[in-house]
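Here the structure is laid out as structure tokens; the discussion comes afterwards.
Each reported figure results from applying straightforward, stated rules to the coordinates on display, with no laboratory input. Note that the structure is predicted; figures quoted are calculated from it, not measured. Cβ placement follows ideal geometry from the backbone for every residue including glycine, while neighbour counts extend to all protein chains displayed.
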Amino acid sequence: MRAQFAVFLFLVVPGIVCAHHSRADYDTSTFVEMEGELASMRWIKPHQSFEFLVEGAEGEIQSWELEGSGVYSLERSGITKDLFPIGERVRIAGWRSRTRPRGFFLTHMLLPDGAELVLLPTANVDRRWSENYAGGQWISEPANSQDGSLFRTWSTESLDVFIQAGLGIEVELTEEAMAAKALASEFDPCVASGMPSAMVNPLPVQLSDHGDFIEIRLETFSVVRRVDMTISVDAETVPLSKYGYSTGTWVGDVLEVRTTRVNWPWFDDAGTPQTDGVEILERFSLDDDAARLNYTMTVSDPATFVEPVTLAWQWIDIGEQFSPHDLCQAE
């Protein structure tokens, strides 16, 4: 028995602190509007959340839990925490949770002064109420960098480009993997994902060359991966870990990184399992203008996938400052 799924990069829009829900939890077919008091806010990298108070039909006060795009995505679109009027009445729009009675994914907010915040930075979500707005889709052009190497900080061009990299990828699971997926529990966003899902994130990545090894640093959760460029040990003797054991080789101008010995149990944050027999092959190469970094990742795990799964996208050099952060770090 086989099942075929389309991979959607839900993990690019983190959920609220320690109660992660991907957008699959929300009814995105219908926008819902509400008015009430923005009672409190937790602005915590990589997540943020709000408490929203609404008067019920019988005059009772209902507390709603709002979540939305990650802090990096909001700040990249020009929205900072000082724009939210805590303690004041606002109008909001977004999607209701399918599973939680008062869970809500926040896409828009109308402020008391008539300005609007567009809180989902994708092309298919536009302003709703006001011509005076902040936020929305972010997109950047590569900087005129003179650095022609792989070893620098790379950024996502736009959230839409990143999401499109994963839309429509067909994943065929084995019967055993289907059964394990059905039993998957909720994910805790305050725990850094292991490989391969650690790499599937729109926040900046930094590559640095140390001769015998290369470091791949992820801004999310301050992850540091080491890639050995001089193979001196038997991989089978290396202890299993969430990021595995990575070795690299140059194939012409392409850096190939092969990772094994991974004991992280999930392929994604939607409950797709993987085994410690997973192998991950990554390829990094510069585009012709040296301002874009081509990236592909092929994941093979015969116990989970009928065929290997390949994802591909580009990063660009926009001169962004690399700013790693700790788990669920408050500012």
Task: Residue of S73, S140, S49 that the Gaussian network model of the chain assigns the largest fluctuation, springs spanning Cα pairs under 10 Å - done: S140
- [ ] Please give, to one decimal in nm, the separation of the simple spin-label points placed at I86 and N294, each 7 Å out from Cα toward the Cβ.
- [x] 4.8
Task: Taking L203, L53, L38, L286 and counting other C-beta atoms within 10 Å, the order from fewest to most - done: L53, L286, L38, L203
- [ ] Give me the lysines in straight-line cross-link reach of K181: C-alpha distance below 26 Å, same-chain residues under 8 apart excluded.
- [x] K242
- [ ] May I ask you to derive the relative contact order of the chain, considering only C-alpha pairs under 8 Å and at least 6 residues apart, and to give it as an integer percent?
- [x] 18
- [ ] Please give the length that would be gained between Q62 and D276 if that part of the chain were fully extended, namely 0.36 nm times their separation in residues minus their C-alpha to C-alpha distance (nm, one decimal).
- [x] 72.5 nm
Open item on the list: Nearest 500 deg cm²/dmol is fine: what mean residue ellipticity at 222 nm does the chain get from its DSSP H runs of n ≥ 4 alone, each adding -39,500 (n - 2.57), divided by its residue count?
Closed with: -1500 deg cm²/dmol
Open item on the list: If you filter the stretch 98-130 for chymotrypsin sites (Phe, Trp or Tyr not before Pro), then keep DSSP loop positions with at most 11 other Cβ within 10 Å, what is left?
Closed with: none
Open item on the list: Using a Gaussian network model on the chain with a 10 Å cutoff between Cα atoms, which of N294, N132, N201 fluctuates the most?
Closed with: N132
Task: FRET efficiency estimate (nearest 0.05) - Cβ-Cβ, E176 to S323, R0 35 angstrom - done: 0.30
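Among T249, T30, T122, what is the fewest-to-most ranking by other Cβ atoms within 10 Å?
T30, T249, T122
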Task: Computed E for V238/T99 - FRET, C-beta separation, R0 41 angstrom, nearest 0.05 - done: 0.55
- [ ] Would you kindly state how much longer the chain becomes between W250 and Q146 on full extension, computed as 0.36 nm times their sequence separation minus their alpha carbon distance, in nm to one decimal?
- [x] 35.2 nm
